[in-house]
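J.: First the structure, then my questions, so here it is.
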Amino acid sequence: MDRLADWLKELEYEVISGETDIPVEDVIYDSRKAGPNTVFVCMTGTKTDSHDFIKDVYEKGCRAFVVEKNPAELSLPEDDSITLLAVGNSRRALALLSGARFGHPTEKLCCIGITGTKGKTTTSFMVKSILEHCKKKVGLIGTNGCYIAGEHFETKNTTPESYELNEYFDRMVKSGCEYMVMECSSQGFKMHRTDGIKFNYGVFLNISPDHIGPLEHADFDEYLSCKMKLFSQCETGIINADDGHAGEIMEAFPGLYTYSIRDKADYYAENIHYTAGSDFMGVEFSVRGRFEDEVRLAIPGEFNVSNALAAISVCASIGLPKDDINEALCNIHVDGRMETVYKSDRFQVIVDYAHNEVSMESLLNTLRSYSPKRLVVVFGCGGNRSKDRRTGMGGAAAKAADFSIFTSDNSRFEKPEDIIADIEEAYLNAGGDKNSYIKIPDRREAIEYAVTHATDGDIIAVIGKGHEDYQEVNGERTHFLDREVIKESLDKTKVK
């Protein structure tokens, strides 16, 4: 059994009462998991304050507590066996204690952190695919969940809580992983979930206004500041020189490597060509600078050339062979991210996670680069969320799509018809043609309509849910995966 004093070596704290040289088995922040030989970290959240449960935890046998509130405000009994530690930030304390509890697993892995408003999932899977093509064992954590040695684990957040992170890292080490690839969200940095992780490589993809609101970031400056924290935790930093805030970031963190699809950089792309056909849909381009090769990328769009450059920058810095990097990107597949579900000489069907105005505009403009005769988009918006998203997506469809099919997403506790009405209003207000859309509330029927009414030269984009394998209606989730429904519709209508 470990000693609490050993877990506290990296933590700044004040001993209010008791001893630190006591036996411990686990760190907890959920009062339901309390028991003897546990250390309860009390955190103040947006909805609950676990300091309020400290008495319940005590009654379950826990005697070690980490708090950030005034100890006089706590409802603990007088007991000489209690160890009470005060810290400035409980979330940071949880991260450092969790790392120690699991034996500092990230120190046994080559850690790669990737942050950005867009492209984190795609880039992380690119890096993972290249490493695995080089016969490396890799663990990955991000929006699509956690992947360890062929196993998949669902996660609630892009960047899970620090205890869960370290538990996954420990599992990676025990499974023989050499590398850890991680999507680092701004919320993860803000909530100190990544504290204590020393990244060997850190990548900054881009930033645009998002995740700003009462429960996320106060303003854009805070959002950017949280993203930039990655570079204070990494040995080798890599940044997209094309981003409008790159100069500001590079001034704060000199010595970053750069990549670009616009200008010369440490890694830059030239001769970008879009390719679409019955056997391949993607991009071909040349890489120059610190890495020189001709690359064939099996994911459409210029934006993904930028993502690929980020992945190439990391993998080239690691020292992986050019041929393996190129072969991996030529065969890359990322669930729900510019995923080509069907391709033929007649038409293509794409699935993507785009679920706001910025990502939808980027997606549709990217698909325009392939010169479709018609660009068809199937989409809805989530219920019980800001109506601004509906306005933005309706406007984006009016500007960039030739034909739109308004349908349901995760309607939650709203009526799909009401959400669609908001999208329709925004679409028409943005100048959309009243004859260039149709309303089909049932998502399955909407997808089937798109497939059965496809014409030669169409590109159909089914967006909003991407990798999600459920649909949430009135608080209940049922299985629904766009990719599966598309394939079922193709089979049903005998499309070849």
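J.: Can you report the number of residues in region 318-334 which are surrounded by fewer than 22 Cβ atoms within 10 Å (Cβ to Cβ), part of a helix (DSSP H, G or I) and in contact with a Cys (Cβ under 9 Å, 6 or more places away or on another chain)?
T.: 2
J.: Let me ask you something else. What number of residues in region 364-399 are under 19 Å from residue 450 (Cβ atoms), open to solvent by 10 Å² or more (accessible area, probe 1.4 Å) and part of a helix (DSSP H, G or I)?
T.: 3
J.: Also, quick follow-up: Given region 11-76, what strands (runs of 3 or more DSSP E) lie entirely inside it while holding 2 or more residues that are open to solvent by less than 50 Å² (accessible area, probe 1.4 Å)?
T.: Of the strands (runs of 3 or more DSSP E) lying wholly inside region 11-76, those with at least 2 residues that are open to solvent by less than 50 Å² (accessible area, probe 1.4 Å) span 26-28, 38-41, 64-67.
J.: Right, next: Given the conditions (1) under 20 Å from the mean Cα position of the chain (by Cα); (2) hydrophobic (A, V, I, L, M, F, W, C); (3) at pLDDT 95 or above, report the number of the one that residue 358 does not fulfil.
T.: Result: residue 358 fails condition (3) only.
J.: Between a first residue in region 132-155 that is without any contact (Cβ under 8 Å) to a residue 40 or more places away in the chain and a second residue that is of a type in the set (Asp, Glu), which pairs have beta carbons less than 6 Å apart while being 6 or more apart in sequence or on different chains?
T.: Sorted first by the residue in region 132-155, then by its partner, the pairs are 145/154.
J.: Moving to a separate point now. Report yes if residue 125 is open to solvent by 10 Å² or more (accessible area, probe 1.4 Å) and within 30 Å of residue 220 (Cα to Cα), otherwise no.
T.: yes
Residue by residue, here is whether (1) over 15 Å from residue 96 (Cβ atoms); (2) of a type outside the set (Lys, Arg); (3) in contact with a Gly (Cβ under 8 Å, 6 or more places away or on another chain) holds:
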| residue | (1), (2), (3) |
| --- | --- |
| 4 | no, yes, no |
| 8 | no, yes, no |
| 20 | no, yes, no |
| 25 | yes, yes, no |
| 35 | yes, yes, yes |
| 39 | no, yes, no |
| 65 | yes, yes, no |
| 80 | yes, yes, yes |
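J.: With respect to residue 457, is the statement that it is small (Gly, Ala, Ser), open to solvent by 50 Å² or more (accessible area, probe 1.4 Å) and either farther than 20 Å from residue 144 by Cα or out of contact with any His (no Cβ under 7 Å at 6 or more places or on another chain) (or both) true?
T.: no
J.: Would you pick out the residues in region 234-245 that are surrounded by 12 or more Cβ atoms within 10 Å (Cβ to Cβ) and either touching a Gly at 6+ places or on another chain (Cβ under 6 Å) or free of Cβ contacts under 8 Å to residues at least 40 places away in the same chain (or both)?
T.: Scanning region 234-245 gives 234, 237, 239, 241, 243, 245.
J.: Return yes or no: is residue 489 among the polar types (S, T, N, Q) and either assigned to a loop (DSSP other than H, G, I, E, B) or open to solvent by 50 Å² or more (accessible area, probe 1.4 Å) (or both)?
T.: For residue 489, the condition - among the polar types (S, T, N, Q) and either assigned to a loop (DSSP other than H, G, I, E, B) or open to solvent by 50 Å² or more (accessible area, probe 1.4 Å) (or both) - is not met.
J.: Right, another one. Exactly one condition in (1) within 20 Å of residue 482 (Cα to Cα); (2) in contact (Cβ under 8 Å) with a residue 40 or more places away in the chain; (3) open to solvent by 10 Å² or more (accessible area, probe 1.4 Å) is false for residue 413; which is it?
T.: (1) is the only condition that residue 413 fails.
Residues are listed down the side, and each one gets a yes or a no for (1) at pLDDT below 95; (2) assigned to a helix (DSSP H, G or I); (3) open to solvent by less than 60 Å² (accessible area, probe 1.4 Å); (4) not acidic (Asp, Glu):
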residue	(1), (2), (3), (4)
264	no, no, no, yes
274	yes, no, no, yes
286	no, no, yes, yes
295	no, no, yes, yes
312	no, yes, yes, yes
316	no, yes, yes, yes
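J.: Among the numbered criteria (1) over 21 Å from residue 375 (Cα atoms); (2) open to solvent by less than 40 Å² (accessible area, probe 1.4 Å); (3) not polar (S, T, N, Q), which one does residue 465 miss?
T.: (1)
J.: Taking helices (runs of 4 or more DSSP H) that fall entirely within region 111-224, which contain at least 3 residues that are of a type outside the set (Val, Ile, Thr) and over 16 Å from the mean Cα position of the chain (by Cα)?
T.: So the answer is 120-133, 162-174.
J.: Considering only residues that are open to solvent by 50 Å² or more (accessible area, probe 1.4 Å) and either touching a Cys at 6+ places or on another chain (Cβ under 7 Å) or in a helix (DSSP H, G or I) (or both), which ones fall in region 77-96?
T.: 92
The values are calculated or read from the model by the stated rules, or taken from the named source; none is laboratory data. These numbers were taken from a predicted model, which means no experiment stands behind them. All Cβ positions, glycine included, derive from the backbone under ideal geometry; neighbour counts span all protein chains shown. We work out accessible area using only protein heavy atoms, side chains counted, and drop any ligands, DNA or RNA first. Shrake-Rupley method; radii C 1.70, N 1.55, O 1.52, S 1.80 Å.
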